[in-house]
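Structure, as structure tokens:
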Amino acid sequence: MGAQDKEKLKWGVETSPYISYSGINWGIQVNGFYKKHSLGIGVKTSFQSSYFPYKTSIGLVVDYKYFMLSKSNIKSFVSINYNNVVYDVKNRNYSNKNTIHEYVVSNGFLIKIINKIWVGNSIGVGGYSERYFNFSEGKKENYIGYNLMLKGLLSYEF
Amino acid sequence: MNSRIIMLLLLMIISSCKKVNINDIHNLNGDFIYVIGHGGVGFQTLSTQLPENSMISIMKAIEVYGADGVEVDVQLSKDLQLVLYHDDRLETSTDGIGFVYEYNLIELTEIKYNRDIYANLFIDEHVVSLETVLQKFSKQKIKPQLHLDLRSWLYDNSLYNPADFFSVYASKIVNIVNKYQYHEYTYIASGDINLLKELSQQDANLKLMIETNKVNWGIEQIQENRWYGILANNHNISKQDVKYVHSQGVRIAVFDIKTQSNQVKAVNKNPDFIITDNISQLQQILYN
């Protein structure tokens, strides 16, 4: 019976504030757990300008985790995370929507604090691409570069 | 008690969300405010990961956020080339040691920004010369404004007395603005009257701005020397000050503006330029 439980698909929700190229972000996602794997899909909001946002933006989060260690009260994992955000930019002459795509491989851990609730963090490196409208040239262009993601995690498993 | 606290918080939120009616803006720029990025997209913080005065930050402010211009900090290198760097010492933001004026330009362009882990590991940005920025700006279809904040006290005083230094400094500025025919888009600010006088002696057509919070004294200097305007800290200037400056036919730029509430306060003073650390936020306040 115990072995069957371990192989069942389980569900959870996870919320995470994090810092990356796109600035200060906050995400919420639904996770599906199967054996040592979890796949999460959710949304994020991005406060991409410096300091506090005047207007936030919404994006998509896809997050895969592989649990290298999974004990009753501690887990460690590596994860592959993709997220994006679309944000408005406007000046006196133009109004545009730019998009940032981020791809990060992370390493992190989770600790059970009370029944079904886990907290943790992760640190990851990867890349970004920013598809933007070049105000000076009047055309769409791309910035690409390296990315660093620092993430706090709060997870609930049903 | 709790309801009072909630009411107070709601009032604070509502007041911080106060919008601006751009039809109420009256200044000497045809009633619109120029948005100028502080050192590029703003000074480096946890959520603004690009080093100020770096090329990536400057170009992002212009190309991605569509700012009207950028404000950069200018110093002279040992071989008397104009370079962009804010602080007195290189250690504060880069892997260099010492003062900018102790290095030749070629050495400075090899010094890498490394203030935090992100810049250290992932950004390969080096100290840049003013000429490199002007080469880029002069090729843009829409020419960005270039606001130069001259660091007038940073030089080797064992080699120069102030008068000699200002003469050399001014000639370098005049030459480079002329070389790229960038008079129309260049605004030069300093708190040092003698440097500004030297600049206006060498080129009377430069747009020179005196950095001061003493409005009356600033206007006297501007009118006496036929300069362009005042650069002032937003926190030390009132709406009445700005109105008075404008009544004298003098333009004014304000800086030290980071939060949304300060952006709104600055806009409501109707300056001609706002030098901001949050370009997109200011644009949304102005153009939404």
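Per residue, the protein assembly as shown reaches -7500 deg cm²/dmol at 222 nm when only DSSP H runs of four or more residues are counted, each adding -39500 (n - 2.57).
Peptides B:238-245, A:40-47, B:275-282, A:114-121 ranked from most to least packed give B:275-282, A:40-47, B:238-245, A:114-121, packing being the mean of other C-beta atoms within 10 angstrom over each peptide's residues.
For A:Asn31, the residues whose modelled amide H falls within less than 5 Å of its own, excluding neighbours fewer than 5 places apart on the same chain, are A:Gly12, A:Val13, A:Glu14. In a fully extended conformation the segment linking B:Gln248 and B:Gln202 would gain 14.0 nm over its present Cα-Cα distance, using 0.36 nm per residue.
Two tests apply to each whole DSSP H helix in chain B, Cα reach of 18 Å or more along its axis and mean Kyte-Doolittle hydropathy of at least -1.0, and the ones passing both are B:2-16, B:162-179.
Within 10 Å of the Cβ of each residue in B:269-279, the mean number of Cβ atoms contributed by other protein chains is 1.
A Förster radius of 30 Å combined with the Cβ-Cβ distance from B:Asp256 to B:Asn225 puts the calculated FRET efficiency at roughly 0.75. Classify region B:82-209: rounded, prolate or oblate, from the alpha-carbon gyration tensor (a ≥ b ≥ c, eigenvalue square roots; a/c under 1.5 rounded; otherwise prolate if a/b is larger than b/c)? Oblate is the answer for region B:82-209, as a/c is 1.5 or above yet b/c matches or exceeds a/b. Near the amide H of A:Ile74, within less than 5 Å, lie the amide hydrogens of A:Lys112, all on another chain or at least 5 residues away, with H placed in the peptide plane. Across B:Gly98, B:Gly66, B:Gly42, mean-square fluctuation computed from a Gaussian network of chain B (C-alpha pairs under 10 Å connected) peaks at B:Gly98.
Counting only DSSP beta bridges with both residues in the protein assembly as shown, the antiparallel share comes to about 75 percent.
With protein chains left intact and a 1.4 Å probe, residues in region B:22-287 average 39 Å² of accessible area per residue.
Considering only A:Asn115, A:Val104, A:Asn134, and ranking their Cα positions along the charge dipole of chain A that arises from unit charges at the beta-carbon of Lys, Arg, Asp and Glu, the one farthest toward the positive end is A:Asn115.
Restricting attention to region B:22-287, close to 20% of DSSP beta bridges with both partner residues there are antiparallel.
Residues B:Phe273, A:Phe133, ordered by accessible area of protein heavy atoms at a 1.4 angstrom probe radius and largest first, appear as A:Phe133, B:Phe273. With a Förster radius of 45 Å applied to the beta-carbon distance between A:Leu39 and B:Ala163, the computed FRET efficiency rounds to 0.05.
In this rough spin-label picture, where each label sits 7 Å from Cα along the Cβ direction, the B:Asn216-B:Asp124 distance is 5.7 nm. Taking amide H atoms as placed 1.01 Å from N in the peptide plane, the amide H of B:Tyr187 lies under 5 Å from those of B:Leu146, B:His147, B:Leu148, each 5 or more residues away in sequence or on another chain.
The base-10 log of I(q)/I(0) for chain A, evaluated at q = 0.09, 0.13, 0.15 Å⁻¹, reads -0.34, -0.63, -0.79 [Debye formula, identical scatterers on Cα atoms, solvent excluded].
Return the carbon/sulfur percentage of the accessible area of chain B, one whole number, probe 1.4 Å, all protein chains in place. Accessible surface attributable to carbon and sulfur in chain B totals 51 percent. For a straight C-alpha distance cut-off of 20 angstrom, the lysines reachable from B:Lys207 (same-chain residues fewer than eight places away being disregarded) are B:Lys143, B:Lys172, B:Lys179, B:Lys197.
Given the options A:Asn134, A:Asn31, A:Asn84, state which has the largest fluctuation in a GNM of chain A using a 10 Å cut-off (strictly under) for Cα springs. Highest fluctuation of the listed residues: A:Asn134.
Shielding by partners for peptide A:144-157, expressed as the average number of C-beta atoms from other protein chains within 10 Å of each residue's C-beta, is 2.
Checking the cross-link pairs A:Lys140/B:Lys141; B:Lys60/B:Lys139; A:Lys90/B:Lys239 against a 20 Å limit on the alpha carbon distance flags A:Lys90/B:Lys239 as lying beyond it. Within a straight-line Cα-Cα reach of under 30 Å, A:Lys36 can be paired with the following lysines, leaving aside sequence neighbours fewer than 8 residues apart in one chain: A:Lys6, A:Lys8, A:Lys10, A:Lys44, A:Lys65, A:Lys71, A:Lys75, A:Lys112, A:Lys116, A:Lys151. Chain B packed on chain A takes about 3400 Å² of accessible surface away from a 1.4 Å probe, both sides summed. Can you give me the relative contact order of region B:22-287 as a percent, contacts being Cα pairs under 8 Å and 6 or more apart? For region B:22-287, the relative contact order is 20 percent.
Given axes a ≥ b ≥ c from the Cα gyration tensor, I'd like to know whether region B:22-287 is rounded (a/c under 1.5), prolate (a/b larger than b/c) or oblate. Judged from the Cα gyration tensor, region B:22-287 comes out oblate (a/c at least 1.5, b/c at or above a/b).
Apply 1/(1 + (r/R0)^6) to the Cβ-Cβ distance of A:Asn115 and B:Arg89, taking R0 = 41 Å, and write down the FRET efficiency to the nearest 0.05. The calculated FRET efficiency here is 0.15.
The values are calculated or read from the model by the stated rules, or taken from the named source; none is laboratory data. This one's a predicted model, so the numbers in the text were calculated from it and none came from an experiment. All Cβ positions, glycine included, derive from the backbone under ideal geometry; neighbour counts span all protein chains shown. Just the protein is used for accessible areas: all its heavy atoms, side chains included, with ligands, DNA and RNA removed. Shrake-Rupley method; radii C 1.70, N 1.55, O 1.52, S 1.80 Å.
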